Amino acid sequence: MKAIIIYCSKTGNTEKVATAIQSGLGGNADVIKLNLNNDGLLREFCPDFKFDLADYDLIFFGGWTMMMKLHPFLTAYIQRCENIDGKKVVGFATGGAIFSRKHTISDFTVLVEKRGAEVLDFHYVTTLLGPLLTKKKLNNARRFASDIAARFYLDPVSTVL
């Protein structure tokens, strides 16, 4: 399995979750952090920059919620990824409001499935300005990734007794 984690982080919370996810995958994932300036915004959306995902079997996309949706630039990059069709995709997001969770997951799922990929799961971490990003929540993100790896590697034939 070759995995990649692509994310953007405004305050560092999503970056911490991405690091926990990479750890949960045994450190065996490439990581791409979308470049942000000091204000926590992407310098600009670069429509000519595309991720070619042909070499990856498992793709994690992460960002923070913005107005109950995944960050719009991350959404734009997902829309422009090459060779995403037929891939297994996992999402993760951080956000201050738990009520954003359902909207974010729904929007992510629709976006990824329109691209012809399969959403395996989604992990939402409530952060509320950082103090609520606890070790327990980071451990949960690590376990989430370990569970995804175990499900991804699972051979359905071997489960038959």
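Observations on the model:
- Positions within segment 85-110 being exposed (fewer than 14 other Cβ atoms within 10 Å of the Cβ) and either in contact with a Lys or Arg (Cβ under 6 Å, 6 or more places away or on another chain) or among the small types (Gly, Ala, Ser) (or both), in sequence order: Gly86, Ala97, Ser106
- First in segment 106-123 and in contact (Cβ under 8 Å) with a residue 12 or more places away in the chain, second anywhere and of a type in the set (Gly, Ala, Ser) and in a helix (DSSP H, G or I), Cβ under 8 Å, 6 or more apart: His123/Ala141
- Residue check, Gly40 modelled with pLDDT of 80 or more and part of a loop (DSSP other than H, G, I, E, B): no
- Candidates in segment 72-108 are the residues that are assigned to a helix (DSSP H, G or I) and farther than 22 Å from Asn13 by Cβ; of these, the one that is farthest from the chain's Cα centre (by Cα) is Arg80.
- Pair list, Cβ under 9 Å, 6 or more apart: segment 57-73 residue closer than 15 Å to His123 by Cα and at pLDDT 95 or above, other residue crowded, with 24+ Cβ neighbours inside 10 Å and among the aromatic types (Phe, Trp, Tyr): Phe60/Tyr7; Phe60/Phe92; Phe61/Tyr7; Phe61/Phe92; Phe61/Phe108; Gly62/Tyr7; Gly62/Phe92
- Residue check, Ser9 of a type in the set (Gly, Ala, Ser), modelled with pLDDT under 90 and surrounded by 15 or more Cβ atoms within 10 Å (Cβ to Cβ): yes
- Residue among Leu133, Leu128, Leu120, Leu111 that alone is part of a loop (DSSP other than H, G, I, E, B) and touching a helix residue (DSSP H, G or I) at 6+ places or on another chain (Cβ under 8 Å): Leu133
- If you filter segment 111-147 down to residues that are among the polar types (S, T, N, Q) and surrounded by fewer than 19 Cβ atoms within 10 Å (Cβ to Cβ), you find that the one that is nearest to Val89 (Cα to Cα) is Ser146.
The values are calculated or read from the model by the stated rules, or taken from the named source; none is laboratory data. Owing to the predicted nature of the structure, the values given are computational and were not obtained by experimental measurement. No Cβ is skipped: glycine too gets one built from the backbone with ideal geometry, and neighbour counts run over all protein chains shown.
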